[in-house]
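**Q** Sending over a structure as structure tokens; questions will come in a sec.
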Amino acid sequence: YLDAIKCYDKAAEINPAEAFVYLNKGNALKELGENNKAIESYDKALMLEPDLIDAYNSKGLVLSALEREREAIKCFEETLRLDPLYMN
């Protein structure tokens, strides 16, 4: 995952407006247990693409793991608002 994060950082330098770079970086950070950094990356993705369902869902999972349940529920609610049939 460390190599992937380096690649995502390089991709962000090339195209800083690509939300999926930050989504994928967040996922890699989550796998490494870097939950706060993952949340920052998901927030960046959502700033760039406010309807990015996977970013809301992934952020919710990390928040839940951090026992920040109220925030997690808000993310999951937004996921379902955007796509009522969402399943991951």
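The values are calculated or read from the model by the stated rules, or taken from the named source; none is laboratory data. Since the model is a prediction, treat every value here as computed from it, not as a measurement. No Cβ is skipped: glycine too gets one built from the backbone with ideal geometry, and neighbour counts run over all protein chains shown. Keep in mind that these areas ignore ligands, DNA and RNA; they rest on the heavy atoms of the full protein, side chains included. Shrake-Rupley method; radii C 1.70, N 1.55, O 1.52, S 1.80 Å.
**Q** Would you please name the residue that is farthest from Y86 (Cα to Cα), looking only at residues in the range 54-75 that are buried (at least 19 other Cβ atoms within 10 Å of the Cβ) and among the polar types (S, T, N, Q)?
**A** Looking at residues that are buried (at least 19 other Cβ atoms within 10 Å of the Cβ) and among the polar types (S, T, N, Q), I get S58.
**Q** Could you please tell me which pairs satisfy a Cβ distance under 6 Å, a separation of 6+ or placement on different chains, a first residue in the range 1-22 that is free of Cβ contacts under 8 Å to residues at least 60 places away in the same chain, and a second residue that is in a loop (DSSP other than H, G, I, E, B) and not polar (S, T, N, Q)?
**A** Note: pairs meeting the criteria are Y1/L32; A19/E49; A19/L52.
**Q** With the structure loaded, tell me whether E78 is among the charged types (D, E, K, R) and open to solvent by 70 Å² or more (accessible area, probe 1.4 Å) or whether it fails that test.
**A** So E78 fails the test.
**Q** If the requirement is being part of a loop (DSSP other than H, G, I, E, B) and among the small types (G, A, S), which of these qualifies: G26, G33, G60?
**A** G33
**Q** Let me ask something additional. From (1) within 20 Å of A11 (Cα to Cα); (2) under 11 Å from the mean Cα position of the chain (by Cα), pick out the condition that doesn't hold for E31.
**A** Among (1) within 20 Å of A11 (Cα to Cα); (2) under 11 Å from the mean Cα position of the chain (by Cα), E31 violates only (2).
**Q** Here's another thing I want to ask about it. Condition first: buried (at least 16 other Cβ atoms within 10 Å of the Cβ) and in a helix (DSSP H, G or I). Now tell me which residues in the range 41-53 satisfy that.
**A** Once the filter is applied, which keeps residues that are buried (at least 16 other Cβ atoms within 10 Å of the Cβ) and in a helix (DSSP H, G or I), the range 41-53 yields S41, Y42, K44, A45, L46, L48, I53.
**Q** Still on this structure: Of the residues that make up the range 15-22, is at least one open to solvent by 80 Å² or more (accessible area, probe 1.4 Å) and within 13 Å of the chain's Cα centre (by Cα)?
**A** Within the range 15-22, one or more residues are open to solvent by 80 Å² or more (accessible area, probe 1.4 Å) and within 13 Å of the chain's Cα centre (by Cα).
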